[in-house]
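Okay, structure first, notes after.
The values are calculated or read from the model by the stated rules, or taken from the named source; none is laboratory data. This is a predicted model, so every value here is computed, not measured. Quick reminder, even Gly has a Cβ in these numbers, built from the backbone with ideal geometry, and neighbours come from all protein chains shown.
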Amino acid sequence: MSNYAIGDIQGCFEELRELLKIVSFDKERDQLWLCGDLVNRGLSSLECLLYLYSIRNSCNIVLGNHDLHLMAVHEVGRKIGENDTFNDVLSYKHVDKLIGWLKTLPFHISKKIDTKQGEVEYFMTHAGIPPFWSKDDLIRKSEELSKNLSGKESSIFLRTIFGNVPTHPEECNSPEDNLRLNINFLTRMRFLEQNGSLNMDYKGKIEGAPKYLRPWFEGKQKIMKENTHILFGHWAALDGITNKLRITALDTGCSWGRRLTAMRLEDQQIFSCDKLK
C-alpha cells in the first residue's frame, strides 16, 4: 500500500489519469491525498468529480477555494466568473449528489504514516496552516468550518465566507468574521504581514514580494514537531519549491500549462505528468 499526495487538479482529468498510471495507482490498495481545487480552470471538472466520487473510498480530500466557489454558485447563486470552467458540473443531472458529497469533505487531513525515515505525521490543507496555530487549533477550527458547511444552515455559511476581511484574529467582531478568516487561512493564504495578518493583494513570486510580506511557511511553525510534515497546494507560483525540508508545495500549475505533481508519502518521491493539451 502507498499514499500519494497530489496537487491542484482543477479539472485536468487526462493529466490526473496519466499521473495515476505513472505511479501505478491501485484503488484497492493505495490511497490518494488530494489538496483541493478539484475543479475550475481546466476543461474537465465534471469528469474529475465523477471519477473521484467513484473511487471515494480510496481518497482523502480537503476542500479548496475553487471547490467552495462551485458550491456557492450552485447553492446560493454566487456569480459565476468569466474564467470559470465548471458549467459541465452545474448542468449535470445529478449535480446535487456531487455537491452534497463535496460538502462532506474536510478542510484538513492528518495521519501518521510509516516512512523510510520513521513515523511521520502528515498534515494537509489546501493553502497552508497559519504559523501561530497549534494542532489543536487546526483541528478545532477546521471541524467548526466542516460542521457549518455540512449542516442545515450551509446556505447561510456559503453566503458568509467570501471576502477579504478580516485579516487578523484581533479584527474579528462576530462568529461570521471568525469563519471567514479561518476559511481564508486554510484555502486562500499565501503571504502574511509582520503581525500575522493575511495579505490578499499580492499573489506573485516570493522574490518579487514587498519587504513587509513573508510566505506563511517562513519562520517558526507552532504545529511543527520533530516528525511533522505539512502538505499544501493553492500556490502555483511556487512551482513546488518552499526550500523547507518538511513543508511541501504540491501545486505545480497544471491548469496553467505546466504539470500535475504527486508525492509518495512513504519515501517522499516526486512524480509528475506534464500538461497534455
### Task
For the stretch 44-51, state whether one or more residues are crowded, with 24+ Cβ neighbours inside 10 Å, in contact (Cβ under 8 Å) with a residue 60 or more places away in the chain and either in contact with a Ser or Thr (Cβ under 7 Å, 6 or more places away or on another chain) or not hydrophobic (A, V, I, L, M, F, W, C) (or both).
no
### Task
Return yes when ARG246 is basic (Lys, Arg) and over 15 Å from PRO131 (Cα atoms) and no when it is not.
no
### Query
From the residues in the stretch 54-74 that are polar (S, T, N, Q) and farther than 15 Å from GLY11 by Cβ, which one is surrounded by the fewest Cβ atoms within 10 Å (Cβ to Cβ)?
ASN57
### Query
Of all residues in the stretch 185-208 being buried (at least 17 other Cβ atoms within 10 Å of the Cβ) and touching a residue at least 40 places away in the same chain (Cβ under 8 Å), which is nearest to THR242 (Cα to Cα)?
ARG190
### Query
So which residues in the stretch 147-192 are touching a helix residue (DSSP H, G or I) at 6+ places or on another chain (Cβ under 8 Å), over 14 Å from GLY64 (Cα atoms) and in a loop (DSSP other than H, G, I, E, B), if there are any at all?
GLY151, GLY163, ASN164, VAL165, PRO166, THR167, HIS168, CYS172
### Summary
When restricted to GLY118, GLY100, GLY77, the only residue farther than 25 Å from SER197 by Cα, touching a residue at least 40 places away in the same chain (Cβ under 8 Å) and surrounded by fewer than 18 Cβ atoms within 10 Å (Cβ to Cβ) is GLY118
### Message
Just the residues that are of a type in the set (Lys, Arg) and touching a Phe, Trp or Tyr at 6+ places or on another chain (Cβ under 8 Å), please, taken from the stretch 58-85.
### Response
ARG78
### Task
Taking LEU19 as the residue in question, decide whether it is among the aliphatic types (A, V, I, L, M) and free of Cβ contacts under 8 Å to residues at least 60 places away in the same chain.
no
### Message
Just to confirm my filter: which strands (runs of 3 or more DSSP E) fall fully inside the stretch 209-277 and include at least 3 residues that are loosely packed, with under 15 Cβ neighbours inside 10 Å?
### Response
269-274
## Note on the structure
Among GLY196, GLY240, the single one that is closer than 30 Å to VAL73 by Cβ, modelled with pLDDT of 95 or more and of a type in the set (Gly, Ala, Ser) is GLY240
